[in-house]
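Read-outs: derived from the displayed coordinates by stated rules, not from any lab. Computed from a predicted model, the values in this text were never measured in an experiment. Backbone-built Cβ (ideal geometry, glycine too); neighbour counts: all protein chains shown.
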Amino acid sequence: MASLFSSPTSSYRGRLAPSPTGYLHVGHARTFWTAWQRARDAGGALVMRMEDLDPDRSRVEYAQAAMEDLRWLGIRWHEGPDKGGPYAPYVQSQRRDVYLAAWRKLLEGGFIYPCRCSRKDLAAALSAPHESVRGEQDADDELTYPGTCRPAQPTVFTAHEPKGVNWRFRVPDGEAIEFNDLNLGPQRYIAGRDFGDFVVWRRDDVPSYQLACVADDAAMRITEVVRGADLLKSTARQILLNRALGYANPAWFHCRLIVDQHGRRLAKRHDALSLRALRRRGLTPLNILSADLPENI
Ligand code: GLU
């Protein structure tokens with residue numbers, strides 16, 4: 001089996017995309033381990049991309065801690081903020097030009113419209129909209145937009161810059177968005193019912209997670225996205241963005257989530273299950289990756 005220290009021998013390109021808004025926990029460890037294994041088994045390249053777009057919640061300490069914790073687990077990557085690479089920079093807060101170009105393309109294609117609705121919707125647009133295990137929307141999922149600012153017909157707007165309003169992607173109501181997940185099998189979501197017009201750029205001038213994610217996956221030539229099953233519905237949104245932007249879809253492998261004793265997905269609020277805390281308690285990477293967590297720790 002090829003080591004990840006050797007040069008890639010195939011065209012497979014995967015990525016690790018932590019958001020530095022807290023310490024990584026056992027759920028992240030399992031997902032990132034899977035991403036690493038799949039890249040290694042394919043003889044491919046693995047990219048570390050720091051998703052630090054949310055200026056209020058991202059912290060440099062968390063970004064450093066994430067990379068240190070993943071290295072401690074035994075995960076390695078070929079390209080990233082610490083290593084550079086052909087698609088640098090690997091830190092989203094430094095990639096505004098890439099996102100602006102994508103925004104402009106959506107604008108010119110008539111795919112997006114300006115929206116002046118409240119701040120409440122905005123908060124959710126920046127972070128990846130995680131769902132709970134039962135498929136319900138978590139508090140941080142993007143609410144289905146009621147269409148208040150949506151024009152009656154698709155319209156091409158003109159604007160020099162995105163700042164000042166929210167820009168929303170007009171989803172094709174009623175269309176079934178289908179894809180085959182390499183881990184979970186066939187998936188199907190209905191645009192306009194399972195999710196609504198979603199934000200691509202916030203009025204305070206920050207691109208949304210959805211836009212940044214597809215723009216970066218395309219720019220970094222990612223061929224397979226490995227991430228948690230709480231982002232399945234985001235994949236449906238991202239398929240629409242890829243189509244509008246003329247990007248090829250990557251393959252997807254969504255990992256089942258680890259849940260706490262109440263059946264809720266682990267979040268960064270579960271501090272006791274952070275990799276840091278577990279390591280301090282003497283657990284080894286093997287314990288973390290193989291134990292029947294969280295009950296057994
Ligand atoms: N940065 C996102 C998160 O932490 C991951 C997004 C993705 O893998 O597409 O949830």
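What's the percent breakdown of Cα-Cα distances in the chain across 10 Å bins, shortest bin first?
Values per bin, smallest distances first: 6, 28, 36, 22, 7, 1.
Assuming R0 = 35 Å, what is the FRET efficiency of Ala219 and Leu283, from their Cβ-Cβ distance, to the nearest 0.05?
On the way: r = 37 Å, r/R0 = 1.06.
After rounding, the FRET efficiency stands at 0.40.
Count the net charge of all other residues whose Cβ sits under 11 Å from the Cβ of Thr223, scoring Lys and Arg as +1 and Asp and Glu as -1. Let's see the in-between values first.
Numbers: positive: Arg13, Arg15, Arg38, Arg221; negative: Asp217, Glu224.
Computed value for this residue: +2.
Rg and Dmax of region 10-72, using alpha carbons, in Å: what are they?
For region 10-72, the Cα radius of gyration and maximum Cα-Cα distance read 12.3, 39 Å.
Determine the percent antiparallel among the DSSP beta bridges restricted to the chain, to the nearest 5. Don't jump to the answer; show the numbers that get you there.
On the way: 18 of 30 bridges.
In the chain, DSSP labels about 60 percent of beta bridges as antiparallel.
Applying the Karplus parametrisation 6.51 cos²θ - 1.76 cosθ + 1.60 with θ = phi - 60° to the phi angles of region 282-287, what ³J(HN,Hα) value in whole Hz is obtained for each residue in order, glycine and proline being reported as x?
After applying 6.51 cos²θ - 1.76 cosθ + 1.60, I find x, 6, 9, x, 5, 4 Hz.
With θ taken as phi - 60° and the coefficients 6.51, -1.76 and 1.60, list the Karplus ³J(HN,Hα) couplings across region 58-66 in order, rounded to whole Hz; mark glycine and proline as x.
With the stated coefficients, region 58-66 comes to 7, 9, 4, 4, 5, 5, 5, 5, 4 Hz.
5 Å is the cut-off here: which amide hydrogens, built 1.01 Å from N in the peptide plane, fall below it relative to Trp201, excluding neighbours closer than 5 in sequence?
Close amide H contacts, sequence-distant or interchain: Trp167, Ser208.
Amide H to amide H, which residues 5 or more places from Gly147 or on other chains are under 5 Å from it, using H placed in the peptide plane?
Long-range HN contacts for Gly147: none found.
Using modelled amide H (1.01 Å from N, peptide plane; none on Pro or chain starts), what sits under 5 Å from the amide H of Leu283, excluding residues fewer than 5 places away?
none
Grab the DSSP H runs of the chain that are 4 residues or longer, score each as -39,500 (n - 2.57), total them, divide by all residues and round the 222 nm result to the nearest 500 deg cm²/dmol. Walk me through the intermediate numbers first.
Values: 8 runs with 88 residues, N = 297.
Value at 222 nm, helices only: -9000 deg cm²/dmol.
For the pair Asp205 and Ala248, how long in nm is the line joining their label points, each one 7 Å along Cα→Cβ?
Placing both labels 7 Å beyond Cα along the Cβ direction yields 3.6 nm.
Spelling out what I want: for every residue of region 32-45, take phi, set θ = phi - 60°, compute 6.51 cos²θ - 1.76 cosθ + 1.60 (Karplus), and round to whole Hz; glycine and proline get x.
Going residue by residue, I get 5, 5, 4, 4, 5, 4, 5, 5, 5, 5, 8, x, x, 9 Hz, with x marking Gly and Pro.
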